[in-house]
Amino acid sequence: MTRTDRPLRIVIGADTYSPDINGLSRFSSRLAAGLAARGHDVHVVCPSHDGRPDVRVEDGVTVHALKSHRWFSHPTFRVAWPWTTRPRTRRLFAELAPDVLHVQGHFPVGRGLVHAARAAGTPIVATNHFMPENLVGHARVPGPLQGPVTRVGWWDFAQIYRHADVVTAPTPRAVELLEAATGLTGSRAVSCGIDVDRYSGTEKPAGPPTVLFVGRMDQEKRVDELLRAFAALPAGTQARLEIIGEGVMREEWTGLAAELGIGARTRFFGFVDDDELVAAYRRASVFCMPGVAELQSLVTLEAMAAGTPVIAANAMALPHLVRNGRNGWLYTPGDVAELSHRLAALVGDAGLRRRMGAASREMVGVHALDGTLTTFEGIYTDLLGRRAQRHLRVA
């Protein structure tokens, strides 16, 4: 019996994980729980969300949380320092002795696990969620230094990901970016995937239309553009704006909404639980994603699954999700007038919203989580099969 003839023991390394709210965390949580539901023995290694190390079981997944520390420039982000994480991940990896390692980044946890897996001869799969725009934002890097920091960031990324047997990224555009920036070749596009049925529901409620944004309140999300575009809607437009998420810009953007005179029609929710998030998607009339650093945008996929038309910045991977005139529109990043024009068209036309929302629901089917899980299972078993063949040849 080969190791692929039984459920696999899989270690997933993530430098942010549930209950953190971001795309990487949400993907890692879904991947882990989905693989566990298919009978695999799944272990996640990640920084602790409260600083204290612990081991817990969630959704059939064993989570090994390492001691962590608050990141100096972000209210919720925590990191595990590299000088303590590497020996911890080495010991833990030896104890778990997994069939395959799947890391979600090149920061301390992923880095330590890759070194441990390489020493043990364990197959490595590495998925990229890294964007330099996120790094310079979190670290508050001054403008003149952002170019050099970006180049160093990609160089450092390549030093770890070059050890992976298979590298994936969520979209073809993300693969293109990764390979152009690092010189790595042969990467595969694998959608992060979502549970499509989780977000679909009843018809949109009657009443004034609601424009929704979901995401981190950080600079690269450009929520200020959405606020200004919403404020510029034609006089008398009956619409509400809902913003879900937390981050360093929340206070500033809340103040901006008041300055623009839309405070009474704008609600900042902060973090919400999954049930509240699903309810927000289902009641939203229009979803807007003004961010310019999206390697896929899980929240946009979730909104599409809820049958919502989308207006998104024509940047990074968002054109993979939005087809102009079919399920929404793309607009030029920074062009507030264009964004406002697109918002006005959808807010003012219920029939158009229904048609575009139906198109969103149809288009999102190719991103179903089951397909993503099956693809990664195939990658894991293929790597194990190749390793077994190498061992036979050596023997």
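Any read-out appearing in this document is the output of simple, stated calculations on the displayed coordinates, not a laboratory observation. Keep in mind it's a predicted model, so treat the numbers as computed, not measured. Because the Cβ atoms are built from the backbone with ideal geometry, glycine has one as well, and the counts that use them run over all protein chains shown.
Among 322, 297, 345, pick out the residue whose Cα is farthest towards the positive end of the charge dipole of the range 196-367, where Lys and Arg carry +1 and Asp and Glu carry -1 on C-beta, about the Cα centre. Result: 345. Considering only 321, 96, 298, the Gaussian network model of the chain with Cα springs below 10 Å gives its largest mean-square fluctuation to 96.
Computed from the C-beta positions of residue 197 and residue 97, the FRET efficiency with R₀ = 56 Å rounds to 0.95. The trypsin sites (Lys or Arg not before Pro) of the range 252-340 that meet both conditions, a loop assignment by DSSP and at most 16 other Cβ atoms within 10 Å of the site Cβ, are 323, 326.
Within the listed set 170, 123, 19, the Gaussian network model of the chain (springs between alpha-carbon atoms below 10 Å) gives the highest mean-square fluctuation for 19. By the Stokes-Einstein formula, at 1.306 mPa s and 10 °C, the range 49-115 with its Kirkwood radius over alpha-carbon pairs has D equal to 124 µm²/s. When +1 charges are put on Lys and Arg Cβ atoms and -1 charges on Asp and Glu Cβ atoms, the dipole computed for the chain relative to its Cα centre reaches about 780 debye.
Rounded to the nearest 10 degrees, the angle from helix 250-259 to the longest Cα principal axis of the chain is 10 degrees. Counting only alpha carbon atoms, the long axis of helix 143-161 and the longest principal axis of the chain meet at about 40°.
For the chain, set up a GNM with springs between Cα atoms under 10 Å and report which of 278, 11, 299 has the largest fluctuation. Highest fluctuation of the listed residues: 278. Ranked for footprinting exposure by Cβ neighbours inside 10 Å, fewest first, 204, 67, 221 give 67, 204, 221.
Angle check, please: helix 82-96 long axis (alpha carbons) against the longest principal axis of the chain (alpha carbons), in degrees 0 to 90, nearest 10. Value to nearest ten degrees: 60.
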